[in-house]
Amino acid sequence: TQNLQRWEVVPSISYSVAGTTYHNKLKLVETLSTNKMAYESSFESFLKWGLKNYKAQKTGVMFSGHGSGIAGCAFDDNYLTNNYANSLDTGEIYRASMNALAVTNIEKFDWIGFDCCLMGCADIASMMSDCYNYMIASQELEGGYGWDHDIWMKKIVSNTSIDEPTLFNSICESFIEQEHRLYCDDQEPGSECLATLAGYDLSKMNTFVSSFNSLVDSIGTNEAHYEKYKTAFLNSKLNQFGDGFY
């Protein structure tokens, strides 16, 4: 499409395709002029629109598409810079979220989910902790199918009071199961399955960052500590996530 569009999932008459029964359909509710999805203002406008028109006791925000760690996600292929699609970086996600909350009486969104590669890192979790209570993300690459939305969305429909840890368990477990079924099971025998997904309690991030900074300070001021941790990191797989691209 040449426009930004906003869609709503609405009830419909049940119908079957190839033995599978469907109960919902998409309804186009708004078409906007052409604009970059990767603009901070575009994301902020979307959040404000959602908060205004779909009031709820709990609010989750989810990205789906390519991700690149701290460099962000929501790549817009309609707008290229040096042959690379523009993305919404994590600073822009943070500012747009804070600005959207500022016009409500909501202190924080309940959760943010990244159905994208490589977004499960401490930097992003720490930044998002100011405006979200929880985060769901993968430290690794994700297969093209992403999360298994049929499973976890049905959990919400059947129990609108579902707590976040229970919901996140469903999201993570169904994603890993799907990754194994579609990708990992077809790999060469003995090869490593890289599927990861985790739910983060962002209220713990201040303690984590403080502890991590103390660790870094101790490494930087103590030669023995530096050599010890350097050896540990070199012997670990921590430098190999994302197939070594990030």
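The values are calculated or read from the model by the stated rules, or taken from the named source; none is laboratory data. Keep in mind it's a predicted model, so treat the numbers as computed, not measured. All Cβ positions, even for glycine, are placed from backbone atoms using ideal geometry, and neighbour counts span all protein chains on display. We work out accessible area using only protein heavy atoms, side chains counted, and drop any ligands, DNA or RNA first. Shrake-Rupley method; radii C 1.70, N 1.55, O 1.52, S 1.80 Å.
Some observations on this one:
- Taking amide H as placed 1.01 Å from N in the peptide plane, the amide H of HIS66 sits under 5 Å from that of ALA74, PHE75, each at least 5 places away or on another chain.
- DSSP beta bridge pairing in the chain, given as percent antiparallel to the nearest 5: 70
- The long axis of helix 164-182 is offset from the longest Cα principal axis of the chain by roughly 90 degrees.
- Rolling a 1.4 Å probe over the protein chains gives HIS225 an accessible area of about 70 Å².
- Under the simplified labelling scheme, the SER211-GLU223 pair shows an inter-label distance of 3.0 nm, with each label point 7 Å from Cα along Cα→Cβ.
- Magnitude of the charge dipole, the range 20-63, Cβ model with Lys/Arg +1 and Asp/Glu -1, debye to 20: 200
- Karplus-based coupling profile of the range 97-109, in residue order and whole Hz: 5, 5, 5, 5, 5, 5, 9, 10, 9, 8, 6, 8, 5, with θ = phi - 60° in 6.51 cos²θ - 1.76 cosθ + 1.60 and x standing for Gly or Pro.
- When the Cα positions of PHE43, THR59, GLY69 are compared along the charge dipole of the range 1-127, THR59 comes out farthest toward the positive end, with charges on each C-beta of Lys, Arg, Asp and Glu.
- Helix 205-221 axis versus longest C-alpha principal axis of the chain: approximately 30°, rounded to the nearest ten.
- Accessible surface for the chain, divided over its residues, is 63 Å² per residue with a 1.4 Å probe.
- Summarising the label geometry, the points placed 7 Å from Cα in the beta-carbon direction at ALA232 and ALA198 lie 1.5 nm from one another.
- Heavy-atom accessible area ranking, 1.4 Å probe, most first, across TYR39, TYR94: TYR39, TYR94
- Our summary of shape: the Cα atoms of the range 65-128 have principal axis extents of 41, 24, 16 Å, ordered from largest down, in whole angstrom.
- Solvent exposure, largest accessible area first (probe 1.4 Å, DNA, RNA and ligands not counted), of TRP111, TRP7: TRP7, TRP111
- For the chain, built as a Gaussian network whose Cα springs stay under 10 Å, the top-fluctuating residue of SER64, SER12, SER211: SER12
- A protection proxy built from the mean count of other Cβ atoms within 10 Å ranks the segments 48-61, 128-141, 153-166, most packed first, as 128-141, 48-61, 153-166.
- Amide H contacts of ASN86 (H built 1.01 Å from N, under 5 Å, at least 5 apart or other chain): ASP76, TYR79, THR81
- Counting heavy atoms of the protein chains alone, GLU227 has an accessible area of about 80 Å² for a 1.4 Å probe.
- Electrostatic dipole magnitude of the chain [Cβ: Lys, Arg +1; Asp, Glu -1; Cα centre; debye, to 20]: 880
- Compactness of the range 99-156 - radius of gyration and Dmax, Cα, Å: 13.3, 37
- Computed with every protein chain present, the accessible area of ARG6 is close to 20 Å² [probe 1.4 Å].
- Counting only alpha carbon atoms, the long axis of helix 223-234 and the longest principal axis of the chain meet at about 50°.
- Anisotropy class of the range 1-156 from Cα gyration tensor, a/c 1.5 cut: rounded
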